[in-house]
1. What are the residue pairs meeting all of these: first residue in region 60-85, first residue closer than 17 Å to residue 45 by Cβ, second residue of a type in the set (Lys, Arg) and at pLDDT 95 or above, Cβ atoms under 8 Å, and 6 or more apart or on different chains?
2. Check every one of the helices (runs of 4 or more DSSP H) wholly within region 150-223 and list those with 2 or more residues that are aromatic (Phe, Trp, Tyr).
3. May I ask you to list the residues in region 153-197 that are touching a strand residue (DSSP E or B) at 6+ places or on another chain (Cβ under 7 Å) and among the aliphatic types (A, V, I, L, M)?
4. Return yes or no: is residue 117 open to solvent by 40 Å² or more (accessible area, probe 1.4 Å), among the β-branched types (Val, Ile, Thr) and within 21 Å of the chain's Cα centre (by Cα)?
5. Of all helices (runs of 4 or more DSSP H) completely enclosed by region 24-87, which ones contain at least 2 residues that are surrounded by fewer than 15 Cβ atoms within 10 Å (Cβ to Cβ)?
6. Working only within region 88-108, note down all residues that are among the hydroxyl-bearing types (Ser, Thr, Tyr) and in a loop (DSSP other than H, G, I, E, B).
7. Among (1) open to solvent by 60 Å² or more (accessible area, probe 1.4 Å); (2) under 16 Å from residue 36 (Cβ atoms); (3) in contact (Cβ under 8 Å) with a residue 40 or more places away in the chain, there is one condition residue 100 misses while meeting the rest; what is its number?
8. State all residues of region 205-223 that are more than 21 Å from residue 177 (Cβ to Cβ), open to solvent by less than 80 Å² (accessible area, probe 1.4 Å) and free of Cβ contacts under 8 Å to residues at least 60 places away in the same chain; if no residue qualifies, say none.
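The values are calculated or read from the model by the stated rules, or taken from the named source; none is laboratory data. A quick note: this is a predicted structure, and the numbers were derived from the prediction, not measured. All Cβ positions, even for glycine, are placed from backbone atoms using ideal geometry, and neighbour counts span all protein chains on display. Areas reflect the complete protein model, heavy atoms only, side chains present, ligands, DNA and RNA absent. Shrake-Rupley method; radii C 1.70, N 1.55, O 1.52, S 1.80 Å.
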Amino acid sequence: MSGVVLLSPRIRLGRFKLANKLLEEELSPEVLQLPYPKELERVLNLYVKGVLGVHRVFEYVREVLGEFASSWLWIEEPLILSLPRIGVKRILCYLRDAADAIANASQLVSLAFRVRVGGKINLEEWRKTLTDSYVETREGWVTVANSFKVAPRAVDTWGLPYPPPERLDPDNITEEDVREYVEYIFNYIVNSRNVDEAYLRWLNEKKGLQTPELWRLLRLISQ
């Protein structure tokens with residue numbers, strides 16, 4: 001029997017809600033798999049065992065991710081802070097190493113910029129850049145995933161439309177998907193203070209969803 005796979009978008013609000021679900025459900029998993037770079041696995045295991053404090057974890061993230069650390073921590077901080085209380089015995093990080101992940105993200109931004117400037121889309125280039133992350137699940141394990149493509153049978157912990165970056169599927173990508181992603185990056189991410197604000201604006205303007213409770217929660221967890 002496979003383990004539990006929990007789906008959460010990569011925004012701070014999503015991780016906050018996911019952390020609360022993990023605490024409320026009292027799953028106490030033997031293994032918690034996270035969509036984090038491999039380099040973070042050792043320090044997170046020391047952290048959940050009480051050997052290291054959270055400030056040392058954040059310092060290490062800054063050492064590993066460099067200029068990308070602030071935006072990464074903005075999203076992941078609520079989940080990281082909850083880890084010692086979840087009762088997990090072991091952390092596994094199933095993404096590639098940080099250098100590959102950063103290079104891949106930079107390539108996506110480059111492709112998006114080319115579409116923004118030139119308008120032409122080479123779907124084959126996007127397929128090559130959008131690589132899947134294989135996630136092995138076992139009984140007694142809880143796995144966090146960012147997209148349905150990574151975990152098609154996942155339990156959605158969010159309940160609202162996912163942002164365009166989480167919906168890019170290398171096997172089924174279309175020009176419409178790419179244009180929606182590019183618009184999201186340049187019209188929402190670039191013009192917002194953080195990814196959560198961008199997402200909530202997108203929900204309102206593109207999906208017609210008013211979310212005053214999420215705006216209030218965002219203000220609370222941003223302090």
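1. The qualifying pairs are 76/15; 79/15.
2. 195-207
3. 154, 155
4. Details: open to solvent by 40 Å² or more (accessible area, probe 1.4 Å): yes; among the β-branched types (Val, Ile, Thr): yes; within 21 Å of the chain's Cα centre (by Cα): no.
Considered against the rule, which asks whether it is open to solvent by 40 Å² or more (accessible area, probe 1.4 Å), among the β-branched types (Val, Ile, Thr) and within 21 Å of the chain's Cα centre (by Cα), residue 117 comes out as no.
5. Working: elements: 41-48, 54-65, 69-86.
The qualifying helices (runs of 4 or more DSSP H) are 54-65, 69-86.
6. Residues of region 88-108 that are among the hydroxyl-bearing types (Ser, Thr, Tyr), as a first pass: 94, 106.
Answer for region 88-108, where residues must be among the hydroxyl-bearing types (Ser, Thr, Tyr) and in a loop (DSSP other than H, G, I, E, B): just 94.
7. (3)
8. Within region 205-223, the first condition is being more than 21 Å from residue 177 (Cβ to Cβ), and the residues that meet it are 210-223.
Restricting the remaining residues to those that are open to solvent by less than 80 Å² (accessible area, probe 1.4 Å) gives 211-212, 214-215, 217-218, 221-222.
Once the filter is applied, which keeps residues that are more than 21 Å from residue 177 (Cβ to Cβ), open to solvent by less than 80 Å² (accessible area, probe 1.4 Å) and free of Cβ contacts under 8 Å to residues at least 60 places away in the same chain, region 205-223 yields 211, 212, 215.
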